[in-house]
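All remarks here apply to the structure that follows.
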Amino acid sequence: MAKRTTKTSKAKKTPVTAPKPPLRSRVRRAVWRCLAVVFLLVVTLILLGRFVNPPTTVYMFSESRRLGGVDYQWVPMEQIAPVMARAVVAAEDANFCQHWGFDLVAIKAAIAAGSNRGASTISQQTVKNVYLWHGRTWIRKALEAGITPILEVLWPKRRILEVYLNVAEFDEGVFGVEAAARHYFGVGPDALSAQQAAQLAAILPAPKKRNAAKPTAYLKKRAAQIRAGAATIQGDGRATCFES
């Protein structure tokens, strides 16, 4: 007699799915991922700027459209008179070699005087000129404050000053020390005298309102102070970070 075989069916197990995290948690993760991507992009862009000279800037581009062109020619630091670099540091940021992007002493002094003039370092101005836009909005200031320490970490001081000297505005449509030297004095940036360098540095706060070749009494006085300051920072070692 044949044995009857019976098939036993196993009950199908329902897959257990993990509960989805709350919407707030998912949004938070998405925001952090976006911020991480933005941060990496910023770091990559700044690191690239250490080796690649900026062909233009946001402000330079807008001025070029407004004026129908600008005078701009990149020149390496080796072709800029050392006295020009010292004059700009003496005029704009005497403690350039000693701070990490923010001159706290200058900031405190500016606050006490009720003005923000003199508080912005060359590093901050380089960030503004190369990566941001001109204006006094809080958004730009916040971005500038966040990017400046990254610039200080990734770029040597000499590179920061080199870029600043090449993108700073010296007159309407005149950008960089090469164009400025020829525009005002008819010489190359390597042939600038101490007086000429001081007069160029003296116009930086208001390049569209001042003329380095035809200085007013105030501009002559300011240039004399800058020339003395340039000699001082050379003597006390505050120029070593960009001259060595």
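Any cysteines in the chain with zero other Cys Cβ atoms under 4.7 Å from their Cβ? List them, or say none.
Cys34
Between their Cα atoms, which of Lys141/Lys221; Lys20/Lys141; Lys108/Lys141; Lys141/Lys208; Lys157/Lys214 are more than 28 Å away from each other?
Lys141/Lys221; Lys20/Lys141; Lys157/Lys214
Given a Förster radius of 41 Å and the C-beta distance between Ala30 and Asn211 as r, what FRET efficiency does 1/(1 + (r/R0)^6) yield to the nearest 0.05?
0.15
Quick check for you: with a 1.4 Å probe and neighbouring chains kept, what is the accessible area per residue of the stretch 44-168, in Å²?
Value for the stretch 44-168: 49 Å² per residue.
Across the chain, how large is the tail of the calculated P(r) beyond 32 Å, expressed as a percent of all Cα pairs?
Here the tail beyond 32 Å accounts for 32 percent of pairs.
Say R0 is 51 Å: what FRET efficiency, to the nearest 0.05, do Phe61 and Ala191 get from their beta-carbon distance?
0.95
Once the other residues with Cβ under 11 Å from the Cβ of Gln79 are scored (Lys, Arg +1; Asp, Glu -1), what is the net sum?
Numbers: positive: none; negative: Glu78, Glu162, Glu178, Asp190.
Neighbourhood net charge equals -4.
Given H placed 1.01 Å from N in the peptide plane, which residues other than close sequence neighbours of Asp71 have an amide H under 5 Å from its amide H?
Those lying under 5 Å, H to H, from Asp71 are Val174, Phe175.
Each residue of the stretch 129-140 in order: what ³J(HN,Hα) in whole Hz does its phi give by Karplus 6.51 cos²θ - 1.76 cosθ + 1.60, θ = phi - 60°, with x for Gly and Pro?
Result, rounded to whole Hz: 5, 8, 10, 10, 9, 7, x, 10, 6, 5, 5, 5.
Quick one: length gained pulling Leu40 to Val105 fully straight, 0.36 nm per residue minus the C-alpha distance?
So the chain would gain 20.3 nm between Leu40 and Val105.
If you take every residue apart from Lys128 with its C-beta less than 14 Å away from the C-beta of Lys128, what net charge results, scoring Lys and Arg +1 and Asp and Glu -1?
-1
How many percent of the accessible area of the chain is carbon or sulfur, using a 1.4 Å probe? List each step's numbers first, then the result.
On the way: 8860 of 14730 Å².
After summing per-atom areas, the C and S share lands at 60 percent.
The values are calculated or read from the model by the stated rules, or taken from the named source; none is laboratory data. The structure displayed is predicted, hence computed values, not measured ones. A quick note on method: Cβ atoms are made from the backbone with ideal geometry, for glycine too, and the neighbour counts reach across all protein chains shown. Accessible surface areas use protein heavy atoms only, side chains included; no ligands, DNA or RNA. Shrake-Rupley method; radii C 1.70, N 1.55, O 1.52, S 1.80 Å.
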